[in-house]
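Shown below is the structure under consideration.
Nothing in this text is a laboratory measurement; each read-out follows from the coordinates by a stated rule. The model shown is predicted, which means the values in this text are computed figures rather than measured ones. All Cβ positions, even for glycine, are placed from backbone atoms using ideal geometry, and neighbour counts span all protein chains on display.
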Amino acid sequence: MRCPYCGHEDSQVKDSRPTDDGAAIRRRRQCEGCAARFTTFERIQLRELTVVKSEDRREPFDRDKLARSIAIACRKRPIEPVRVERLISGIQRQLETSGESEVTSKQIGELVMDGLRGLDSVAYIRFASVYKEFAEARDFHEFAGTLAGGGDAT
C-alpha cells in the first residue's frame with residue numbers, strides 16, 4: 001500500500017478489525033519509509049459497477065461520491081454515523097447484487113431516497129431538493145405536503 005504522505009511503496013499493518021457494521025476491515029498501517037501512520041479500509045466488491053448518467057455518459061461507481069451526497073443531506077442532523085454507513089453499504093450491496101453491471105444514476109437516486117425516507121425526514125427532503133431539482137419554495141412545500149400526507153413523494 002502506497003504511503004499517502006511520502007509515496008513509499010511498502011507499509012506494515014499494525015492493527016486490523018472489522019468496522020461497526022461488519023461490511024469492511026479497518027487496517028491501521030505504518031509506512032516503512034517515513035513511519036507515518038494511516039488507515040485503510042478493505043471492502044468486498046461483488047462486481048464492477050458502471051453508472052449511466054442522464055446524458056448517456058458512463059463512469060465507474062464511486063462509493064465515496066455516494067457517501068458525500070448522503071452526508072450533505074444528513075449534515076447537522078441527529079443521525080448516528082453507523083446508521084448512515086449501514087445505509088451506504090446497503091445501497092452498494094443492492095446495486096452489486098442486482099445482477100447488472102450498469103446502473104442508472106436514477107436507480108441510485110431512488111435507492112438513496114428510499115433509505116433517507118426511513119432514516120430522517122429532513123435529510124430526505126434535503127436530498128430530494130437536489131435530486132428532483134427544486135426551483136422555488138413552492139416545490140419544497142408541495143413535496144413536504146406529500147410526505148406529511150403519506151402520499152408517494154417520489
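How far apart, in nm, are the 7 Å Cα→Cβ label points at Ser101 and Glu9?
Simple spin-label model gives 3.0 nm for this pair.
Separation between the Arg26 and Glu110 pseudo-spin-labels, each 7 Å from Cα along Cα→Cβ, expressed in nm?
Output for this residue pair reads 3.5 nm.
Could you give the angle, 0 to 90 degrees to the nearest 10, between helix 121-131's Cα long axis and the longest principal axis of the Cα atoms of the chain?
90 degrees
Mean residue ellipticity at 222 nm from the helices of the chain, using -39,500 (n - 2.57) per DSSP H segment of n ≥ 4 over the full residue count, to the nearest 500 deg cm²/dmol?
-13500 deg cm²/dmol
At a Förster radius of 41 Å, what calculated FRET efficiency corresponds to the Cβ-Cβ distance of Glu55 and Cys34, to the nearest 0.05?
E between Glu55 and Cys34, to the nearest 0.05, is 0.40.
Run the quick spin-label model on Leu147 and Thr19: label points 7 Å from Cα toward the beta carbon, then report their separation in nm to one decimal.
With each label placed 7 Å out from Cα toward Cβ, I get 2.5 nm.
Cross-link partners among aspartates and glutamates for Lys53, C-alpha distance below 12 Å, same-chain residues fewer than 8 apart left out?
Excluding near neighbours in sequence, the set is Glu102.
Note the angle between two axes, namely the Cα long axis of helix 81-96 and the longest principal axis of the Cα atoms of the chain, as a number of degrees from 0 to 90, rounded to the nearest 10.
Helix 81-96 and the main axis of the chain meet at about 90 degrees.
Could you tell me which label, among (1) 11.6; (2) 12.4; (3) 20.0, carries the value of mean projected area of the Cα convex hull in nm² calculated for this structure?
(1)
Averaging the inverse of every distinct alpha carbon separation and then flipping it gives the Kirkwood radius. What is it for the stretch 1-44, in angstrom units?
10.7 Å
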